[in-house]
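Worksheet: one structure, shown below.
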Amino acid sequence: MIRFSCDSVEMPALDERKVGRWIRAVAADYGFSVGNINYIFCSDERELAVNQEFLGHDYFTDVITFDYSTASTLNGDIFISLDTVRSNAEMVGASFEEELRRIIIHGVLHLTGQGDKTPETKAEMTAKEEKALAKFTD
């Protein structure tokens, strides 16, 4: 089950069924089914608090993924800062909706095992995001 909730922000406009079908299709591309994925949309302040408390990082970020997956089933909690999504969208010249979809699937890609800590893995992540985004049709 894919759930969307909010913590200290208003729920963004999402077609949850459509987004859910898309997430399942992308997961299947990597050989996974979807178990329980919880998206928690929040503010920068909440994202920073989660980053500090659970990861020991003292910086803002757009997404934090907690992975509880098994060998073939994706499970996790994905915190997304809508403040950072909005500012990133402005910075790259994308709409808020486009950037939100990118970050939604970014979290899923982390659950499949994709990292983004080195220049090489970051480039791989971007390519996988682009491929996944092409599967989403408005």
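Only the coordinates and a few stated rules stand behind these numbers; no lab work does. In this text the structure is predicted, and so the values were computed from the model without any measurement. Neighbour counts are summed over all protein chains in view; Cβ atoms, including those assigned to glycine, are modelled from backbone coordinates with ideal geometry.
Put a dot 7 Å past the Cα of Met1, heading toward its Cβ, do the same for Thr70, and the two dots end up 1.7 nm apart.
Could you tell me which chymotrypsin sites (Phe, Trp or Tyr not before Pro) in region 36-95 are loop residues by DSSP with no more than 12 other beta carbons within 10 angstrom of their beta carbon? Write out the running numbers ahead of the final one.
Values: sites: Tyr39, Phe41, Phe54, Tyr59, Phe60, Phe66, Tyr68, Phe79; in loops: Tyr59, Phe60, Tyr68.
Sparse-neighbourhood loop chymotrypsin sites (Phe, Trp or Tyr not before Pro): Tyr59.
Secondary structure note: in region 2-135, about 25% of the DSSP beta bridges are antiparallel. Taking the Kirkwood radius as the inverse of the mean 1/r across Cα pairs, report the Rg/Rh of region 72-138. My calculation of the ratio gives 0.96. Taking 0.36 nm per residue of separation and subtracting the Cα-Cα distance, what length does fully extending Ala127 through Asp29 add? Answer, rounded to one decimal: 33.9 nm.
Working note: Debye formula, equal point scatterers on the alpha-carbon atoms of region 2-135, no solvent; log10 I(q)/I(0) at q = 0.21 Å⁻¹ is -1.46. Cross-link partners of Lys135 among lysines, defined as those whose alpha carbon lies under 18 angstrom from its own and excluding same-chain residues fewer than eight positions apart: Lys18.
Overall, region 2-135 carries a charge dipole of about 680 debye about its Cα centre when +1 sits on the Cβ of Lys and Arg and -1 on the Cβ of Asp and Glu, all other atoms neutral. The slack in the chain from Glu10 to Asn36, taken as 0.36 nm per residue of separation less the alpha-carbon distance, amounts to 7.1 nm.
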